[in-house]
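Remarks on the structure that follows.
The values are calculated or read from the model by the stated rules, or taken from the named source; none is laboratory data. All figures in this text were calculated on a predicted structure; none of them were measured in a lab. Cβ placement follows ideal geometry from the backbone for every residue including glycine, while neighbour counts extend to all protein chains displayed.
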Amino acid sequence: SSLVSFSLFQRVPRPARPDLRPIYQGSNPISDVWSLEALRIIGKYFRRSVFDSSDEEAKENMMLASTFAGVGFGNAGVHLCHALSYPISSQGQSYFDADYPAKKPLIPHGLSVVTTAVADFEYLTPACPERHAAAARQLGATISDNAGNDYIASKLCDQIRGFMRDFQVPNGLEEMGFQYSDIGKASKVKMHF
């Protein structure tokens, strides 16, 4: 999500002194390199690493992708799906993830992030379609340079949905035990982050 975060160069007016600047400056030429490479590696190795635990090449590359993504968003910040992940994780009181001990309810961070990613990127694509197209291409989508916003959003979201479907990720908050009445409380929690 750092690749599509607010660009460093779009900040107007720019603070006069560095100590007045926000901690995260937004996407920038350095963070973009790391983010794009992380996405490329994910597009190539993610499924292999999940479906074949003996595939050392895939696992090594996914560790690199994780590191590269961390360097990218460590300098740029993250976007909406990360912000929304905190109330999802903290308010999920009945979901037990199959990959974690069943001692207490837990929505893992990655799951809480990807839960809203499709809706977030559908909404955000018109703000910077070229960056969303770049992300989709790195994940394996074919998108022409003159593609419209809806097409770009659909291709990026298809890539994400494909991972979610293949990895049998719960399809939305309801499948993680949320009810409509929980949304208000989760929204209030979000406002405190």
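From the list SER5, SER1, the one residue that fits, being within 26 Å of ASN149 (Cβ to Cβ), at pLDDT below 95 and either among the charged types (D, E, K, R) or in contact with a strand residue (DSSP E or B) (Cβ under 9 Å, 6 or more places away or on another chain) (or both), is SER5. Does ILE183 satisfy being part of a helix (DSSP H, G or I) and in contact (Cβ under 8 Å) with a residue 24 or more places away in the chain? When the stated conditions are applied, ILE183 does not pass them. Selection over segment 93-118 of residues that are part of a loop (DSSP other than H, G, I, E, B) and either over 14 Å from GLY177 (Cα atoms) or of a type outside the set (Lys, Arg) (or both) gives a count of 13. The set of residues from segment 83-127 being at pLDDT 90 or above and closer than 18 Å to ALA69 by Cα comprises SER85, PRO108, HIS109, GLY110, LEU111, SER112, VAL113, VAL114, ALA117, PHE121.
Among the residues that make up segment 140-148, is at least one of them part of a helix (DSSP H, G or I) and of a type in the set (Ser, Thr, Tyr)? No: segment 140-148 contains no residue that is part of a helix (DSSP H, G or I) and of a type in the set (Ser, Thr, Tyr).
Here's a check for you: in segment 67-100, which residue that is of a type in the set (S, T, N, Q) and within 15 Å of the chain's Cα centre (by Cα) is surrounded by the fewest Cβ atoms within 10 Å (Cβ to Cβ)? This residue is THR67. What pairs can you find where one residue is in segment 128-146 and farther than 19 Å from ASN28 by Cα, the other is of a type in the set (Lys, Arg), and their Cβ atoms are less than 7 Å apart, with a gap of 6+ or different chains? Final answer for the pair search is ALA141/LYS155; ILE143/ARG137; ILE143/LYS155.
Residues that are at pLDDT 95 or above, surrounded by fewer than 14 Cβ atoms within 10 Å (Cβ to Cβ) and either of a type in the set (S, T, N, Q) or not in a helix (DSSP H, G or I) (or both) do occur in segment 36-52.
Considering the conditions (1) exposed (fewer than 15 other Cβ atoms within 10 Å of the Cβ); (2) at pLDDT below 95; (3) closer than 18 Å to GLY43 by Cβ; (4) not assigned by TED's automatic domain parsing to the domain that holds TYR180, LEU64 is excluded by exactly one of them, (2). Quick check on SER90: is it assigned to a helix (DSSP H, G or I), out of contact with any Ser or Thr (no Cβ under 6 Å at 6 or more places or on another chain) and touching a residue at least 60 places away in the same chain (Cβ under 8 Å)? Yes: the conditions hold for SER90.
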